[in-house]
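Remarks on the structure that follows.
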Amino acid sequence: MEKDKISVVVPIYNVEKFLPACVDSILSQTYQNLEIILVDDGSPDGCPAICDEYAEKDSRIKVIHKPNGGLSDARNAGIDIATGKYIAFVDSDDCCVPTMYEKLHNIIEKEKADIAICGFSRIDEDGKAISGGWSRQFGVFENENSADPLFTSKNVGIIVAWNKLYNRNIFENIRYPKGMIHEDEYVIYDILSVANKVVIFPDQLYLYRQRNNSIVKSRPSRKMFDAIKVVEYRISKVGENNKNYADACSQLLNIYYSLYIRTKADKELNKEVFDKYKVEYKKYKSYLNFKRRIKHILFRYFRIVL
């Protein structure tokens, strides 16, 4: 009996240096029934040609060439043509451990879950291991409790799109928000809300490459306010009666604090950040713990950054 097909969507833009290692790591999976969708998002380098070369070598590979629309738009293009029972995402500068999809598939089938999540390790631009990975102990979360692991600002492994295997039905009415940064964190609330069961296990099977010029390290702009939109959305989803509401409110104030530091060189943007912070501080200050309250009092009234 043939195993379930997994559609692996790889959004690609300006990663000529890293793309071969990424695709090779997917092709070398011990789980072989894969549909590998390489989405060339109008990449200006040699990526389009690399995609076509791989498609000629392996019949499991499909290539989409499209105008640049950003990470979310590329993921959505892959979702639209995916035919697998399950869907997964790999960022084109990252890699997978060879057993990743075999283990994800085994656990999602065993638990009859809608989403399986594994841990991840970090590597540098040369592929060498660096600190800062993520993993959590094994756990199964069902129905209204499925989203609970998300609602803490420390659970980065819950938020990201790429260390997971999803039942394709999850994306029946969900797509990533085009043009938005932090799109993973924004849409994960909706993804978990339609999942009846989520399973987490600790194996670090995904290799996240920490690059010096990545999106998260790019120069400050008003796009940074997308991070605020994400947490505001999280606050609205959690609700005041949820035990993690205080964490969400605290996270929002901390993002303003960080943005204030990052925008020091742009006086207009810096002022805008602080003016908005003052409004939010008044609304959410009561949810800060003692240590954070002292930090924000010093910042709010004296603009002291610790």
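The values are calculated or read from the model by the stated rules, or taken from the named source; none is laboratory data. Bear in mind the structure is a predicted one, so any value in this text is a computation, not a measurement. Note that we place each Cβ from the backbone using ideal geometry, even for glycine, and neighbour counts take in every protein chain shown.
For the range 58-69, the criterion of being modelled with pLDDT of 95 or more, within 28 Å of D203 (Cα to Cα) and touching a Lys or Arg at 6+ places or on another chain (Cβ under 8 Å) is satisfied by no residue at all. Listed by first and then second residue, the pairs with beta-carbon distance under 8 Å, at least 6 apart or on different chains, first residue in the range 232-249 and closer than 11 Å to Y189 by Cβ, second exposed (fewer than 15 other Cβ atoms within 10 Å of the Cβ), are K237/S193.
Residues checked against (1) within 11 Å of C96 (Cβ to Cβ); (2) assigned to a helix (DSSP H, G or I); (3) under 22 Å from the mean Cα position of the chain (by Cα); (4) among the polar types (S, T, N, Q):
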| residue | (1), (2), (3), (4) |
| --- | --- |
| A21 | yes, yes, yes, no |
| Q32 | no, no, no, yes |
| E35 | no, no, yes, no |
| V39 | no, no, yes, no |
| P44 | no, no, no, no |
| P48 | no, yes, no, no |
| D52 | no, yes, no, no |
| E56 | no, yes, no, no |
| S59 | no, no, no, yes |
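Does V15 count as within 19 Å of the chain's Cα centre (by Cα) and farther than 15 Å from L165 by Cα? It is true that V15 is within 19 Å of the chain's Cα centre (by Cα) and farther than 15 Å from L165 by Cα. Is it true that some residue in the range 27-45 is out of contact with any strand residue (DSSP E or B) (no Cβ under 6 Å at 6 or more places or on another chain) and among the β-branched types (V, I, T)? Yes, the range 27-45 has at least one match.
When K282, K291, K223, K264 are checked against the criterion of being surrounded by fewer than 17 Cβ atoms within 10 Å (Cβ to Cβ) and not in a helix (DSSP H, G or I), K264 stands alone in meeting it. Residue count for the range 19-37, restricted to those that are crowded, with 20+ Cβ neighbours inside 10 Å and within 17 Å of R209 (Cβ to Cβ): 4.
Which members of the range 251-287 meet the condition of being within 21 Å of the chain's Cα centre (by Cα) and closer than 18 Å to Y301 by Cβ?
As a first pass, look at the range 251-287 and keep what is within 21 Å of the chain's Cα centre (by Cα): 251-252, 254-256, 258-259.
Within the range 251-287, N254, Y256 meet the criteria.
Number of residues in the range 79-128 that are outside any strand (DSSP E or B), touching a residue at least 60 places away in the same chain (Cβ under 8 Å) and within 19 Å of V10 (Cβ to Cβ) equals 20. Of all residues in the range 188-209, those being under 24 Å from D93 (Cα atoms) and without any contact (Cβ under 8 Å) to a residue 40 or more places away in the chain number 1.
Rundown of residues vs (1) at pLDDT below 90; (2) outside any strand (DSSP E or B); (3) within 17 Å of the chain's Cα centre (by Cα); (4) farther than 17 Å from L71 by Cβ, yes/no style:
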residue	(1), (2), (3), (4)
E144	yes, yes, no, yes
P149	yes, yes, yes, yes
W162	no, yes, yes, no
N169	no, yes, no, yes
I174	no, yes, yes, no
M180	yes, yes, yes, no
E185	yes, yes, yes, no
P202	no, no, no, yes
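In the set (1) in contact with a Pro (Cβ under 8 Å, 6 or more places away or on another chain); (2) crowded, with 20+ Cβ neighbours inside 10 Å, the condition left unmet by G42 is number (2). The residues in the range 289-306 that are at pLDDT below 95 and aliphatic (A, V, I, L, M) can be counted, and the count is 3.
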